[in-house]
Amino acid sequence: MLPVGYLPCTQDPPEGRNMARVLDEIMVEAQAAEASGWDGCFITEHHQQPDGYLPNPLLIAALVGMKTQRIKVGTCVLLLPLHHPVHVAEDCAVIDLATKGRLVLSVGVGYQPPDFDVFEIPIAERARRTEEALEVVRLGWKGERFSFTGTHFHLKDALVSPKPYQRPGPPIWMAAWTPPGLRRAARIADGWITDPVQSLPVIRGFAERYRSEAAKLGRKPFICLMRDAVIAGSMEQAEAQSAPTMVTHRFYFTYGAYVPDDYLKDVHRAEDLTFRIAAKDRLVVGSPGDCLGQLLRWKEEIRPDYLIIRVRQPGGPPHERALEAIRNFGESVIPRL
């Protein structure tokens, strides 16, 4: 059975006035996912967002860990170049101990300038900072004093305490959607996380490239497939409820995140991106049965080791409908993957 993680919404548009409620809903949704057979709950990171985007993925992952007993908790993703690696190593070790080895650290290099500007970190340095930081994190998790000299970090006789529960440390997955990023994930991470944006043929090409790079290095590949889903009673109901997801994907298109493919030949502006275009081999949509059929194709084509599903965007669906989707997916889809 393919393990499935849940990615909750951490925003409250338009002004972020009810963030305490957002935190409560994340905890309830994580508990519902655990009770329904999901395998994990993962938190993302951005900064300087006007809708109150929760900026603390490790902290929230720890809170989820304290409200659950079984599921993995982690980030998807932590923007590693924005953080000092000793802090990351220490925080991860504490969370991993508190959850008895349930932490997954997923990282990314970042791509939005406001995330970097507020911390006065040049975005051009993000890749090298990430590579150095991962090296420091892994050295720290050994629980021995170490020194490190790089371009961005210089440590002498450093010690990370306590050691994490998992040995040699929590798994580190890396998000990537460019050829250099795929090579980096194969070279220095324990797994690669796909983006939720590209179509199946594009992701298949990415997966082939990632596996090829891992094979060259003698490393075992691990693919975490991430998808956005609109789960309803039928395909028609899913289309009627798709507006929040389409707002998110039109933002991605405007930002230049979409890789051109045959599905997009008539899409020249964000307004041209309709639900029916996005639903074809990109989103997971419809009834639980529809979603199962689509995901079985993704499973056959991509051969992922893990799946992360996002059912709730900043604009909806409401919390109660998200809970219904979580339970229906957990009961009807996950056991058949």
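The table for this structure:
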{"item": "Spatial separation of Cα centroids for segment 303-325 and segment 89-133, in angstrom", "result": "24 Å"}
{"item": "GNM result for the chain, Cα springs below 10 Å: residue of Gln313, Gln49, Gln31 fluctuating most strongly", "result": "Gln49"}
{"item": "Filtered GluC sites (Glu not before Pro), segment 53-162: DSSP coil and at most 15 other beta carbons within 10 Å", "result": "Glu120, Glu144"}
{"item": "Size of charge dipole - the chain - debye, nearest 20, with Cβ of Lys, Arg +1 and Asp, Glu -1, no other charges", "result": "1160 debye"}
{"item": "Antiparallel DSSP beta bridges within the chain, percent to nearest 5", "result": "10 percent"}
{"item": "Trypsin sites (Lys or Arg not before Pro) restricted to DSSP loop in segment 1-96 with at most 16 other C-beta within 10 Å", "result": "Arg17, Arg70"}
{"item": "Chain lengthening between Glu331 and Lys67 when straightened (0.36 nm per residue, less Cα-Cα)", "result": "92.9 nm"}
{"item": "Model label zone, Lys142; criterion: amide N under 12 Å from point 7 Å along Cα-to-beta-carbon; scope segment 174-190", "result": "none"}
{"item": "Rule-of-thumb Rg ratio for segment 95-159 [Cα; 2.2 N^0.38 Å; N residues]", "result": "1.32"}
{"item": "Taking N as its residue count, the alpha carbon Rg of segment 114-190 over 2.2 N^0.38 Å", "result": "1.22"}
{"item": "For Asp12, Asp24, Asp96, Asp262, order by how many other beta-carbon atoms lie within 10 Å, fewest first", "result": "Asp262, Asp24, Asp12, Asp96"}
{"item": "Over the chain: helical MRE at 222 nm, DSSP H runs n ≥ 4 each giving -39500 (n - 2.57), nearest 500", "result": "-13500 deg cm²/dmol"}
{"item": "Separation between Cα centres of segment 1-29 and segment 201-253, rounded to whole Å", "result": "20 Å"}
{"item": "Hull shadow area, averaged, the chain [alpha-carbon convex hull, nm²]", "result": "16.2 nm²"}
{"item": "Given charges at beta-carbon only (K, R positive; D, E negative), |dipole| of segment 1-130 in Debye", "result": "420 debye"}
{"item": "Loop chymotrypsin sites (Phe, Trp or Tyr not before Pro), segment 114-218 (other Cβ atoms within 10 Å of the site Cβ: 16 or fewer; DSSP)", "result": "Phe119, Phe153"}
{"item": "Contact order relative to length of the chain, as percent, for alpha carbon pairs under 8 angstrom and 6 or more apart", "result": "19 percent"}
{"item": "Which of Leu59, Leu105 has the fewest Cβ neighbours within 10 Å, and the rest in rising order", "result": "Leu59, Leu105"}
{"item": "Cα-Cα over 32 Å, subset of Lys163/Lys299; Lys100/Lys156; Lys142/Lys299; Lys67/Lys156; Lys72/Lys299", "result": "Lys163/Lys299; Lys142/Lys299; Lys67/Lys156"}
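Values quoted throughout were computed directly from the atomic coordinates according to the rules given, and no laboratory measurement underlies them. None of the values given here were measured: they were computed from a predicted structure. A quick note on method: Cβ atoms are made from the backbone with ideal geometry, for glycine too, and the neighbour counts reach across all protein chains shown.
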